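Trainee: Quick one: structure below, then a few questions.
Laboratory data are not the source of any read-out in this text; all were calculated from the coordinates shown. Keep in mind that this is a model prediction, so the values were computed, not measured. Here the Cβ positions follow ideal geometry from the backbone for every residue, glycine too, while neighbour counts run over all protein chains shown.
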Amino acid sequence: MSAIEILAVIGIIGYVIFRQVQGEPLRGKRTMLLPAILTVVGLVNLHGSAGAHVTGTDVACIVVGTAGSAAIGLAFGAIMRLESRGGYLWAQLPLRGLWLWAALAGWRVLVMLLASGLHAHIAASTATLLLSLGVNRLAQAAVVVVRATAMGVPFAPEKDGKVLMGETFKRGLGARFGDGSDDDRRGFDRHGSQGTGGSQGYARHGDVGGFGDGYDEHARRRDARRTHRARR
């Protein structure tokens, strides 16, 4: 990687840390698709810098390095504060989560030193940084999706008003609350999954997909308990 590319990676990491600590509504595309794109770019970049020969030691070090990055990503997803705000998913990384960023940086340095000592020059190069970061973000996204689905709180609407995986959350809520009527399903489509005014629908009704005040009250009480536990 060139110096400009390394600076770009550092800038991306700094931006991600700032957004995480500040807290923000989570949109599905930013949470899942961007890490996937970053991982693909990392693979392409790694292939381009590999040259004519990749040794088995290179492959082993890269696999070990990405596995460790993924494990740290799972920890990110586990400690992330998730709650419903305005009826959609909101997340914040607690300050103790900054230790995970330190662990990720330390792990990358350790793997690169180990690879250098084993003469695995490709694995020891900075070309692995984007791949490592992408895998880390993908692992975090996997845990966040599972937790959000269990909570029954959909991703925030995209700019076009649609919700990524809106149908998944609709089915999950239908199973939890008795698989509501067609009106309930149309309400979800209108205010979350398919309509063009998804974000306004969430803010206006304060519930998830138009399932009504009963769920709204239930969600408020649950969110209050979670917030109280997080502050303790």
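Trainee: Could you give the alpha-carbon Rg of the range 21-75 over 2.2 N^0.38 Å, rounded to two decimals?
Mentor: Rounded to two decimals, the normalised Rg is 1.47.
Trainee: Excluding residue 138 itself, what net charge comes from residues whose Cβ is under 14 Å from its Cβ, given Lys and Arg +1 and Asp and Glu -1?
Mentor: Net local charge, residue 138 excluded: +3.
Trainee: Still on this model: Using the Karplus equation 6.51 cos²θ - 1.76 cosθ + 1.60 (θ = phi - 60°), what ³J(HN,Hα) coupling, rounded to whole Hz, does each residue of the range 155-160 give in order, writing x for Gly and Pro?
Mentor: Per residue, the Karplus-derived 3J(HN,Hα) values read 4, 5, x, 6, 5, 8 Hz.
Trainee: On to the next question. Can you give the net charge of the other residues whose Cβ lies under 14 Å from the Cβ of residue 64, counting K and R as +1 and D and E as -1?
Mentor: In short, 0.
Trainee: Next question, about the same structure. Just round it to a whole percent: the fraction of Cα-Cα distances in the range 3-151 exceeding 28 Å.
Mentor: 21 percent
Trainee: A follow-up question, please. Karplus couplings for the range 118-129 from phi (6.51 cos²θ - 1.76 cosθ + 1.60, θ = phi - 60°), rounded to Hz, Gly and Pro as x?
Mentor: 8, 6, 8, 5, 5, 5, 7, 7, 6, 5, 7, 5
Trainee: Which residues' amide hydrogens lie under 5 Å from the amide hydrogen of residue 85, considering only partners 5 or more residues apart or on another chain, with H built in the peptide plane?
Mentor: For residue 85, the qualifying residues are 90.
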